[in-house]
1. Within the group S150, S131, which residue is over 20 Å from A165 (Cβ atoms) and in contact with a helix residue (DSSP H, G or I) (Cβ under 8 Å, 6 or more places away or on another chain)?
2. Against the condition modelled with pLDDT of 95 or more, surrounded by 14 or more Cβ atoms within 10 Å (Cβ to Cβ), closer than 24 Å to E169 by Cβ and touching a helix residue (DSSP H, G or I) at 6+ places or on another chain (Cβ under 8 Å), how does A35 come out, does it pass?
3. Pull up the stretch 213-233, narrow it to residues that are in contact (Cβ under 8 Å) with a residue 12 or more places away in the chain and of a type in the set (G, A, S), then point me to the one that is farthest from M41 (Cα to Cα).
4. I175 is checked against (1) in a strand (DSSP E or B); (2) within 20 Å of L139 (Cα to Cα); (3) β-branched (V, I, T) and fails just one. What number does that condition carry?
5. Go through the stretch 68-133 and tell me which strands (runs of 3 or more DSSP E), entirely inside it, have 3 or more residues that are farther than 20 Å from E194 by Cβ and modelled with pLDDT under 95.
6. It is to be established whether one or more residues within the stretch 46-61 are farther than 30 Å from R123 by Cβ, modelled with pLDDT of 95 or more and exposed (fewer than 13 other Cβ atoms within 10 Å of the Cβ).
7. From the residues in the stretch 138-155 that are surrounded by fewer than 18 Cβ atoms within 10 Å (Cβ to Cβ) and either β-branched (V, I, T) or not in a loop (DSSP other than H, G, I, E, B) (or both), which one is farthest from the chain's Cα centre (by Cα)?
Amino acid sequence: MVDMAQALTTAEPRPARRTGAAADADRLDHLRRLATSDPQMAQAEAWSWFIETGRRIQSERGAALAELAALFGAGAPSLHINGPTRGALVGFAVHPAFDRAMAALTTLWLPWAGKRFDIRTGRGENLILRSARVPARVLWPGYSLRNAGSTLAGFEFVTRIEPSAVDAERDVLVIDYAPVQSNPALIIKQIRDELVEIVPGAHLGKMLWRFGRGPHARHYLMAYFALKSALPAGEV
């Protein structure tokens, strides 16, 4: 029988564990290979990655936001997203004090449930919890949310593929509220969302705040969010 101590001392040294950006790249590569054989599992693992990184913003803000930025940068425009999606707020990215306050508030109550897309028309709308009907009437008295089954629907948007407002070298799916006449001017029309797909059915988004209009508008990152969409036929 081989002596265990001798075996450990003569064995090949283990390669150093990859950390940081290298580990994230390995994880993403694993997910994309997994997506070819088990797309549902890849989607679930990507979703868990989004959520766990968002939770780390409170304790490891710089590293967590850098990880989300790199992950977003590795995505492709969400070309095929269609129908209702499940949404999750990943985390805020404004200022540590603001982020903590908003994280505490949204942990208690987050009325946003997701988005619904119509790929044929290039339009969509947000899905809102029914408990938001009264607060919405107070904040936007002239605006009405519509019934949408178990949720409410409103705050419509148009979609298009174009370069990111904060990274002109990267194409994204833009979710734009400003062109929809019926949207409230307060808050809603100042938002521009940008969305990429990381693996089929798992999308990472940026919520940007727009200052100004037209080509001279400036955009600032407010938060990251995630959407989970139905997998394309044949991939389920």
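1. Numbers: S131 fails: in contact with a helix residue (DSSP H, G or I) (Cβ under 8 Å, 6 or more places away or on another chain).
Checking each option against the conditions leaves just S150.
2. On the way: modelled with pLDDT of 95 or more: yes; surrounded by 14 or more Cβ atoms within 10 Å (Cβ to Cβ): yes; closer than 24 Å to E169 by Cβ: no; touching a helix residue (DSSP H, G or I) at 6+ places or on another chain (Cβ under 8 Å): yes.
Here the answer is no, as A35 does not meet what is asked.
3. Selected residue: A217.
4. In the conditions (1) in a strand (DSSP E or B); (2) within 20 Å of L139 (Cα to Cα); (3) β-branched (V, I, T), I175 misses (2) alone.
5. Of the strands (runs of 3 or more DSSP E) lying wholly inside the stretch 68-133, none has at least 3 residues that are farther than 20 Å from E194 by Cβ and modelled with pLDDT under 95.
6. yes
7. Here is the first cut: in the stretch 138-155, the residues surrounded by fewer than 18 Cβ atoms within 10 Å (Cβ to Cβ) are 138-139, 141-144, 146-150.
Now drop any that are not either β-branched (V, I, T) or not in a loop (DSSP other than H, G, I, E, B) (or both), which leaves 138-139, 146-148.
Values: V138: 28, L139: 25, R146: 24, N147: 25, A148: 22 Å.
For the stretch 138-155, the residue satisfying everything is V138.
Residues checked against (1) under 28 Å from A103 (Cβ atoms); (2) surrounded by 22 or more Cβ atoms within 10 Å (Cβ to Cβ); (3) touching a Gly at 6+ places or on another chain (Cβ under 6 Å):
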| position | (1), (2), (3) |
| --- | --- |
| D167 | yes, no, no |
| L186 | yes, no, no |
| I191 | yes, no, no |
| P200 | no, no, no |
| H203 | yes, yes, no |
| F211 | yes, no, no |
| P215 | no, no, no |
| H219 | yes, no, no |
| L227 | yes, yes, yes |
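The values are calculated or read from the model by the stated rules, or taken from the named source; none is laboratory data. For clarity, every value in this text was computed on a predicted model and none was experimentally measured. A quick note on method: Cβ atoms are made from the backbone with ideal geometry, for glycine too, and the neighbour counts reach across all protein chains shown.
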